[in-house]
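Comments concern the structure below.
The values are calculated or read from the model by the stated rules, or taken from the named source; none is laboratory data. Remember, predicted model here, so these are calculated numbers, not experimental data. In this analysis, Cβ positions are derived from the backbone assuming ideal geometry, glycine residues included, and neighbour counts consider all displayed protein chains. Heads up: the accessible areas ignore ligands, DNA and RNA and are worked out on the full protein's heavy atoms, side chains in. Shrake-Rupley method; radii C 1.70, N 1.55, O 1.52, S 1.80 Å.
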Amino acid sequence: MHDDIIKIVKELVTYPNEEEWFEFKENWYQTDGIGEYISSLSNAAAMKGKSEGYLIWGVNNTTHEFTDTTFNYHRDVDNEPLEHYLARYVSPDVDFEFAECKMDDKRVVVLVIPAANTTPTSYKGVRYLRIGSSKVNLMKHPKREAALFRILNFGLPSIVNMESEYQDLTFEQLFVYYGVKGITLNERTFKKNLELLTKDGKYNLLAQLLSDNSHIPIRFSLFNGKSKGSTMYAVREFGNMCLLMALDRVLDYGEVLNVPQADERNRVVERKEVMLFDMDAYREAIINSFVHNLWVTGNEPMFTVYEDRIEILSRGTLAPDQTLEGFFAGESVPVNKKLSEIFLQLHISEKSGRGVPKIIETYGKEVFEFRKNSIVVTIPFNRLDLGSTTQVATQVATQVGTMGEMDEISKKILAFCIEPKSTKEITEYLGFKERKSTSRYLRMLLQNGRIAMMIPNKPNSSKQKYVTIK
């Protein structure tokens, strides 16, 4: 227990603020106040999917420094040990426990409180809950009380157990996407295999996300400055389609934004090109924002481009079983388990846990910001000082403008591929120098069902050719 307590305290003091399931005190003592905290933290832990809540003495609430508490949990209340007194009034029986340890040679006391199970935890007949940093009577918040009962009876809301608002869903894009990946979905069994139905046989939120119209907007907002107070000069829409296709389009859009900068400094023979940001880190941050977004809130990830950075925001916080230490170490604990499994099946992501460590290796831990209801990853621009403070914004704006040309190029590919053509042939026809540029257009046409592979079961075959779907 002692080693576990040290690990718990070390973890909790790394949070920027108190969460609803743990509270810091220094030497505070009030008998019934502790009882009310047992109720509120137990219920809050259940609401957040945590196994335990914690009341901790010996930590400054603001600085999170250890203060060497004098709190005595062995005291008596009217000749009855404090722990016994509290246990008599807590209902149902919750096996809470006091423990202590030394942190930086200073005494810390921790009250470990199991999460509510089956029914809410009460103290002296009153059910309490934490809202933010406040302890409240649960009866005065009927919606939260109802939500707690639902969680205790059915578990935390998830994209699998939450019924979709829309039941007239179609899945043509999903079948195309799987086909491009060399996997054939069975029309009879795919709903069951991908867990797209609730226990009542209704389409769930996962089905909505993977349908031809997810009814969820996903957009990039571009600002010509360093804040949202500056001019917004473009918005790119990628939503209201199968989430998998939306993800690919957002990833492809990163290549549009990643402007190569011509570095003429100290040039001898060849001009050096410096990319605006690290594409691998961008890819990992985007995939994480999709797979770990708290879709049950009805909110989508948000992507914002400024003059000096890209901000990638996903809704929600860490998965209930995840810790900050585990997060930074790359331990994979998905917020949306089934969506994560689908990403793995399609080789969109891996279970190696390399995503976050890759971002940290490139940019450091400081690019992660943990807000109250969201996580933000900031990808800074490696902007060369070439004498113009607005060069990158101008370059990106120009690149954004070229997106309109994609339709023309797509039309050329469709016209050329009336007869099957290889990537090399298409590249030469378009006048591109590299096949990579051609592949980007082919991928989008494949996802939209406009072209097909001649060898769908071997997408990377050297003999692969593409043909227009008439």
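If R₀ is 41 angstrom, what is the calculated FRET efficiency for the pair Glu408 and Lys337, using the beta carbon separation as r and rounding to 0.05?
With a Förster radius of 41 Å, E is 0.45.
Using all alpha carbons of the chain, what is the percent of pairwise distances in each 10 Å bin, ordered from the shortest bin to the longest?
The calculated distribution, bin by bin, is 4, 16, 23, 23, 16, 10, 6, 2, 0, 0.
On each of the three principal axes of the Cα atoms of segment 1-50, give max minus min coordinate, whole Å, ordered largest first.
Principal extents (Cα only, largest first): 28, 27, 24 Å.
Among Leu129, Cys101, Val77, pick out the residue whose Cα is farthest towards the positive end of the charge dipole of segment 70-143, where Lys and Arg carry +1 and Asp and Glu carry -1 on C-beta, about the Cα centre.
Leu129
What is the extension gain from Phe328 to Phe154, computed as 0.36 nm multiplied by their sequence separation minus the C-alpha to C-alpha distance, in nm to one decimal?
59.6 nm
At R0 = 25 Å, how high is the FRET efficiency between Lys10 and Glu97 if r is their beta carbon distance? Nearest 0.05 is fine.
Efficiency at R0 = 25 Å is approximately 0.85.
What nm distance separates the two modelled labels at Asp308 and Arg88, each placed 7 Å from Cα along Cα→Cβ?
Taking the simple label geometry, Asp308 and Arg88 are separated by 6.2 nm.
Report, to the nearest 10°, how far helix 142-154 tilts away from the longest principal axis of the Cα atoms in the chain, using its own Cα long axis and a range of 0 to 90°.
The angle comes out near 80 degrees.
Keeping to pairs on different chains or 8 or more places apart, tell me how many lysine pairs in segment 121-189 have Cα atoms under 23 Å apart. Display every interim value, and only then the final one.
Working: Lys124/Lys135; Lys124/Lys140; Lys124/Lys143; Lys135/Lys143.
Taking segment 121-189 as the scope, the lysine pair count is 4.
What residues of segment 109-128 lie in the reach of a label at Glu52, counting those whose backbone N is under 13 Å from a point 7 Å from the Cα along Cα→Cβ?
Correct set: 109-115.
For segment 1-129, what is the convex hull volume of the alpha-carbon atoms per residue, in Å³? Intermediate values should be presented prior to the final figure.
Numbers: hull volume 12.8 nm³, N = 129.
Normalising the Cα hull of segment 1-129 by residue number yields 99 Å³.
If ligands, DNA and RNA are left out, what is the accessible area of Tyr282 with a 1.4 Å probe, given in Å² to the nearest 10?
About 0 Å², rounded to the nearest 10.
Rg to Rh ratio, segment 141-213, alpha-carbon atoms and Kirkwood radius?
On the way: Rg = 15.1 Å, Rh = 13.6 Å.
In segment 141-213, Rg relative to Rh is 1.11.
What is the dipole size for segment 95-179, taken about its Cα centre, with +1 at each Lys and Arg Cβ and -1 at each Asp and Glu Cβ, in debye to the nearest 20?
Numbers: 11 positive and 10 negative charges, 145 e Å.
That gives segment 95-179 a dipole magnitude of about 700 debye.
Using a Förster distance of 30 Å, how high is the FRET efficiency between Lys143 and Ser227, based on the Cβ-Cβ distance and rounded to 0.05?
After rounding, the FRET efficiency stands at 0.30.
Order the following by accessible area, largest value first: Val13, Val110. Probe radius 1.4 Å; ligands, DNA and RNA are ignored.
Listed by decreasing accessible area, they come as Val13, Val110.
What share of Cα pairs, in percent, lie more than 24 angstrom apart in segment 129-282?
Considering segment 129-282, 60 percent of its Cα-Cα pairs are separated by more than 24 Å.
How much length is gained if the chain between Leu318 and Lys181 is pulled fully straight, taking 0.36 nm per residue apart and subtracting their Cα-Cα distance, in nm to one decimal?
My answer for the length gained is 46.3 nm.
Counting Lys and Arg as +1 and Asp and Glu as -1, each charge on the Cβ, what is the dipole of segment 137-204 about the Cα centre in debye, to the nearest 20? Mind dumping the intermediate values first?
Working: 10 positive and 8 negative charges, 63 e Å.
My answer is approximately 300 debye.
Cβ neighbours within 10 Å, averaged per peptide: list 14-22, 411-419 in order, most packed at the top.
On the way: 14-22: 17.8, 411-419: 14.3.
My ranking of the peptides, most packed first, is 14-22, 411-419.
What value, in deg cm²/dmol to 500, does the helix sum -39500 (n - 2.57) over DSSP H runs of n ≥ 4 give at 222 nm once divided by the residues of the chain?
Helices in the chain give a 222 nm mean residue ellipticity of -10500 deg cm²/dmol.
Might you report the magnitude of the Cβ-based charge dipole of the chain about its Cα centre, with Lys and Arg at +1 and Asp and Glu at -1, to the nearest 20 debye?
I would put it at about 1940 debye.
Please report, in whole Å, how far the alpha carbons of segment 306-366 spread along each principal axis, starting with the longest.
36, 25, 22
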